[in-house]
Structure formats: structure tokens, C-alpha cells
Amino acid sequence: MNSFDQALTDAKKSLTRTDARVLQLNMGKLCNLTCVHCHVNAGPHRKELITHEDLEQTIDWFEKTDIPVIDLTGGTPEMHPDFRALVERIRSFKKPREIITRLNATILNEPGYEWVSEFHAQHKLTIIASMPCYSPENVNAQRGEGVFDSSISAFQKLNSLGYGSDPDLKMHFVFNPHGAKLPPSQEALEADYKQELKQHFGIVFNNLYCITNMPIARYASYLKRQKKLAAYQELLMTSFNPSSIDGLMCRDTISVDWNGQVYDCDFNQQLDLKIEGQSHLKVWDLQLDQFSQFPIRTASHCFGCTAGSGSSCGGTLVAVN
Ligand code: SF4
Ligand code: SF4
């Protein structure tokens, strides 16, 4: 039994699936940035992208399901050459779906991507965008020089199209702590973000999602170089909060990589921890009634989702005092 399963047993908790609510599709590792907290190791020279054929098969399958949400991630999903065709196809479904894009806002300022803001507004995409601080120093340290200014101008453009104020154009921000610590209270930080971004830059947005940094991939290497990896892992483990279990994203999300392979979550995907006994399961072969019975594969990194207030793609899971 691994240490996470032992913690579940000690807390008399079990981790089981509910009905699938989200199809989270990682379209590939191509990105114009190389953020230190990136658990995907994405970057400008990565070649991994879902093929046109596999994307078609994935969306054919998705159309036949009742899964209400598709969450497009990467890398920067907009850098995939089929991104626009994909969105248009989903918008042509009889059954409407929410389309989330995990937006790296700086892409709006890259040559060749002038279409992004209008396209997203026209197709009513929900935007979830990284914004690790409301001051330039922290953002640039975590994501690269110039990222703060570029993100600010991108968010101002999205605001001018109605994002953050029109109820159909939701824009949420993501906060990751800078350094080996847990996120602060999401509620309090959201209030600070709203005040600071409005006052200094005129920016409005819907919600702030505080996400705990996962000590895998590039972030694990970063902590290792700083000699902080073991202490951070210990912090996550000793901050285990059993009340976060019910909200864990692996319970209602189907995570799919750029090869169409199915995983329990994006983190297991990056660690190549495939679903037990399903090492070649492609999403277009997935039977949802069988999927709900598959056990969720855990390991010590799962403490990253259950520390303190808990953490998922939609932010913290429970309030802690
Ligand atoms: S965190 Fe996002 S924006 Fe940064 S390198 Fe990774 S995929 Fe790109
Ligand atoms: S890492 Fe994945 S499998 Fe583990 S608790 Fe988090 S979401 Fe669930």
C-alpha cells in the first residue's frame, strides 16, 4: 500500500469515481513559455501534439456522451493547428457543452494569434488563465520576463470584449504559490486580486482558483535544485486533509493525453501512471459504465491535491481555518 492509500485508510476514506462531468483533453506540449511551475514540461520546442485523426475520433466519441464539459489544456491549446475547427465542431453538437480553455494569456500578443480573443468571445469559451500574482516581480520570476505586462494587456483586451462582466463570458484566474508553500485562503486572495487588478489595471474577472504546485516534472527539478523538494513533499504529506477527498478532480474527470490515452488526471498523465490494467485504453474505446468501476490510481504525489484546503483544476476544495 502506498503512503497516500495508507493515509486514506487511516482516515477511513475511499476514493471512488462519480459520473464523468469533465473530459480534460491535453492537446499537446507546445507552448511559447517555459514556466518553472509547469508540470507538463511544456515549451516552444516540444513537438507532441494530438494528431488530426485522433482528435476526430476523440470528438466523435465525446459527441455521443452526456459529459457536459470539455476542458482543453496543453501546452497552449490555441497553438494546436486544429484548435478552431475543434471548437466549431463542438459548438455544432445538438447537446450544448461548456468549453473551457486553459489559456496562456501571452499567446494573444504573439504574431499569428491575433484571432484568439475575438474567437473565444464569439464561441463563448470559458477562460481559465494563469496569473500567479498581481505584481510583476512574482509573475516574471515564475513565468518569465515580460509575461506580466503581456498578460495584463491580454486581459484588458478580453475585458473589452465582455470577458469578466458578460455572464456568458467567464474568465477565471489561477494562482500558484511562488516557492515551496501551500496557497493562502482562496477567498481572501480573490478579494485582494479583484481590488488590485481593478485599481491598477482596470481588469475584472470572475473567480480566482488557488492551485497547489505539484512536485513533479519541471517543478520537482526546480525544488530539487533549491534543495527544497523533500521539505515540500513532507509539507504536503503532513497537511493531508481528508475532507478534501470528496472534491478531488479524479472522481469526475476523464483525462486524455495527446495520444488519446486515458488517465485518472493530468498529473498521473505526466507521470505516465496509466489506469490499473488499462495501459492501452484510448478514449474512443472507453465505455463510461465500465470506467466508473475502474479504481483510481494513486501515489505519493496525490498529497499535492489533499494538502490544506485541497486543490483541483477548479481551485481549493474545502475551507480551512
Ligand atoms: S504552465 Fe502553462 S503557460 Fe507555462 S509553460 Fe506550462 S503550459 Fe505553458
Ligand atoms: S494526483 Fe490525480 S489521482 Fe491523485 S488525488 Fe490528485 S487528481 Fe486524484
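The values are calculated or read from the model by the stated rules, or taken from the named source; none is laboratory data. Keep in mind it's a predicted model, so treat the numbers as computed, not measured. For neighbour counting, all protein chains shown are included, and Cβ atoms are generated from backbone atoms with ideal geometry for every residue, glycine included.
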- Query: Mind checking which pairs have a first residue in the range 1-24 that is free of Cβ contacts under 8 Å to residues at least 40 places away in the same chain and within 18 Å of Ser300 (Cβ to Cβ) and a second that is more than 16 Å from ligand 1 (Cβ to nearest atom) and part of a loop (DSSP other than H, G, I, E, B), Cβ under 8 Å, 6 or more apart or different chains?
  - Reply: Thr9/Met1
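Step by step: first the residues of the range 233-254, then only those that are hydroxyl-bearing (Ser, Thr, Tyr) and over 21 Å from the mean Cα position of the chain (by Cα), then the one that is nearest to Asp66 (Cα to Cα). Which residue is that? Give the steps one after another, and end with the answer.
Taking the range 233-254 first, the residues hydroxyl-bearing (Ser, Thr, Tyr) are 238-239, 243-244, 253.
Next, from what is left, pick out any that are over 21 Å from the mean Cα position of the chain (by Cα): 238-239, 243.
Details: Thr238: 39, Ser239: 36, Ser243: 28 Å.
Taking the candidates together, the pick is Ser243.
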- Item | Residue that is surrounded by the fewest Cβ atoms within 10 Å (Cβ to Cβ) [pool: residues in the range 11-25 that are within 25 Å of Pro183 (Cα to Cα) and not small (Gly, Ala, Ser)] | Lys13
- Query: Where residues in the range 259-286 are at pLDDT below 95 and surrounded by fewer than 16 Cβ atoms within 10 Å (Cβ to Cβ), which of them is farthest from ligand 1 (Cβ to nearest atom)?
  - Reply: Gly277
- Query: Residue check: is Ala217 surrounded by fewer than 18 Cβ atoms within 10 Å (Cβ to Cβ), within 13 Å of ligand 2 (Cβ to nearest atom) and more than 24 Å from Arg21 (Cβ to Cβ)?
  - Reply: yes
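Return a yes/no flag: does the range 93-107 have any residue that is touching an Asp or Glu at 6+ places or on another chain (Cβ under 6 Å) and among the aromatic types (Phe, Trp, Tyr). Please lay out each step first, then the result.
We begin by selecting, within the range 93-107, every residue touching an Asp or Glu at 6+ places or on another chain (Cβ under 6 Å); these are 93, 100, 107.
Going one step further and asking which of them are among the aromatic types (Phe, Trp, Tyr), we end up with 93.
So far as the range 93-107 goes, yes, one or more of its residues are touching an Asp or Glu at 6+ places or on another chain (Cβ under 6 Å) and among the aromatic types (Phe, Trp, Tyr).
Name the helices (runs of 4 or more DSSP H) wholly inside the range 205-311 in which the number of residues that are within 19 Å of Ile50 (Cα to Cα) is 1 or more.
On the way: elements: 217-225, 229-238, 266-270, 288-291, 303-306.
Output list reads 266-270.
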- Note on the structure: Only unsatisfied item for Leu72, checking (1) in a loop (DSSP other than H, G, I, E, B); (2) within 16 Å of ligand 1 (Cβ to nearest atom), is (1)
- Message: Given (1) in a strand (DSSP E or B); (2) farther than 30 Å from Asp289 by Cα, identify the lone condition not met by Lys47.
- Response: (1)
- Note on the structure: Only one of Val36, Val69 is surrounded by fewer than 21 Cβ atoms within 10 Å (Cβ to Cβ), within 26 Å of Lys224 (Cβ to Cβ) and of a type in the set (Val, Ile, Thr), namely Val36
- Query: Can you pull out the residues in the range 11-34 that are away from ligand 2 (no atom under 16 Å from the Cβ) and closer than 17 Å to Asn241 by Cα?
  - Reply: Lys12
